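Structure record follows, encoded as structure tokens.
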Amino acid sequence: MPWSTAPWMVVGPDGAAVRPIEVYLSDFAARRTQPSSVRSYAYDLLRWWRWLVVVEVAWDRATSAEARAFVLWLKAAAKPRNHPRTVSTATAGAVNPITRKSYLDDRYRARTIRHSNAVIRSFYEFWIDTGEGPLLNPMPIDPGRGWRRPPAGGVGERAEAAGTIRYNPGLPKRAPRAMPDQRWDEVFGALRSNRDRAIVAAGVSSGARPSELLGMAGVDLDWGDQLIRVVRKGTRAEQWLPASMETFVWLRLYVAELGMFTPQDPLWQTVRRRDRGGGLQRQPLNYEALRGVFRRLNAVLGTNWTLHDVRHTAAIRMSRDPRLSMRDVQTILGHAHLSTTAEVYLVEDEVQVIRRVADHLAARSRQPQGPPTVSTPYDVEDLAVLFGGTVS
């Protein structure tokens with residue numbers, strides 16, 4: 001079978017690539033897929049492969065019994081860590097009193113398990129289609145009504161009618177992670193550089209994903225119309241998005257600090273200089289470095305905000321503006337399906353609901369209360385007929 005090398009591989013104990021996974025990932029990488037998606041699939045299949053080694057079952061002999069046991073293990077197991085927790089030990093799994101968000105713990109979340117199940121099923125579907133794999137998929141589907149979207153890497157492809165994977169855990173309904181205006185002012189005030197202020201302002205005004213912002217170059221700025229151009233995750237389509245005037249003010253200050261800067265240079269660069277073997281040079285800002293900005297910010301504020309909270313804040317603000325339709329919000333956010341935008345962001349803010357109900361109860365308590373009206377339990381004429389005579 002012809003195949004090409006994928007950007008990520010799963011290696012066995014002998015140091016050689018695991019052939020079935022290698023062929024699958026090579027095919028997967030050829031389908032309009034980002035390296036980050038290949039990496040995610042590789043880790044899911046590595047976890048499944050290790051499980052098969054432990055239970056001593058060949059990959060093409062696995063059944064739904066192994067898949068069921070694997071999911072049960074994921075629900076009970078703790079994720080391996082490269083380094084033990086230190087400061088975060090006290091907060092793992094707890095709820096932050098300011099943001100009201102839970103800190104991550106070492107358990108596999110329901111979404112992680114569902115993604116793992118989808119990857120395993122896709123892997124076996126590939127080998128069943130080639131005629132070289134097992135006859136049955138060990139990750140079964142329960143027939144039923146509904147729509148199944150393509151797995152990660154297939155964004156934009158048409159969803160197909162299907163059931164659900166039998167061992168998928170239910171997803172808890174969670175509210176969008178938007179920052180209230182007061183908290184947003186605190187976050188923005190804690191940023192330490194014009195670069196950080198510019199990229200965060202761009203994110204909260206355009207709704208672009210952090211990874212999309214990090215891929216920008218100088219040529220992706222339209223200073224006259226105040227637009228920024230990003231490459232959409234999944235579809236890889238270019239899209240111009242409006243950004244706020246404040247964003248371009250901070251951008252102007254940041255670009256002035258860079259000095260030598262051409263339109264083809266990466267827009268976001270590290271302020272510090274690092275030795276890359278050819279002298280001291282500026283380097284493009286990567287995702288981990290941007291996460292570091294929020295780690296420092298959270299340490300100062302005692303919060304646990306994330307990069308994606310900025311995007312959620314932008315989406316919530318847009319969805320509650322009567323001048324914008326949900327189609328407008330969908331287009332700006334780059335969602336492939338309108339249902340995704342509506343389900344996630346067309347919800348009431350719990351804090352606002354509580355405040356309105358509290359105002360309602362306070363208004364009720366301020367209303368003058370007259371003496372209660374006591375009604376006669378029996379009709380007078382009825383009593384006269386029953387007892388005779390006149391009832392006064």
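Every read-out reported here was derived from the displayed coordinates using simple, explicitly stated rules and does not represent laboratory data. Note that this is a predicted model, so its numbers are computed, not measured. Note that each Cβ is placed from the backbone with ideal geometry, even for glycine, and that neighbours are counted across all protein chains shown.
Model label sites at Gln283 and Asn96, defined 7 Å from Cα along the beta-carbon direction, differ in position by 2.6 nm. Once the Cα-Cα distance is subtracted from the 0.36 nm per residue extended length, the Arg166 to Asp142 segment shows a gain of 8.1 nm. Annotation: lysines with alpha-carbon distance below 26 angstrom to Lys79 (same-chain offsets under eight excluded): Lys101, Lys173. Region 60-86 and region 21-59 have Cα centres spaced 15 Å apart.
Expressed in units of 2.2 N^0.38 Å, where N is the residue count, the Cα radius of gyration of region 193-305 is 1.08. All other residues whose Cβ lies under 14 angstrom from that of Thr262 are scored, Lys and Arg at +1 and Asp and Glu at -1, for a net of -1.
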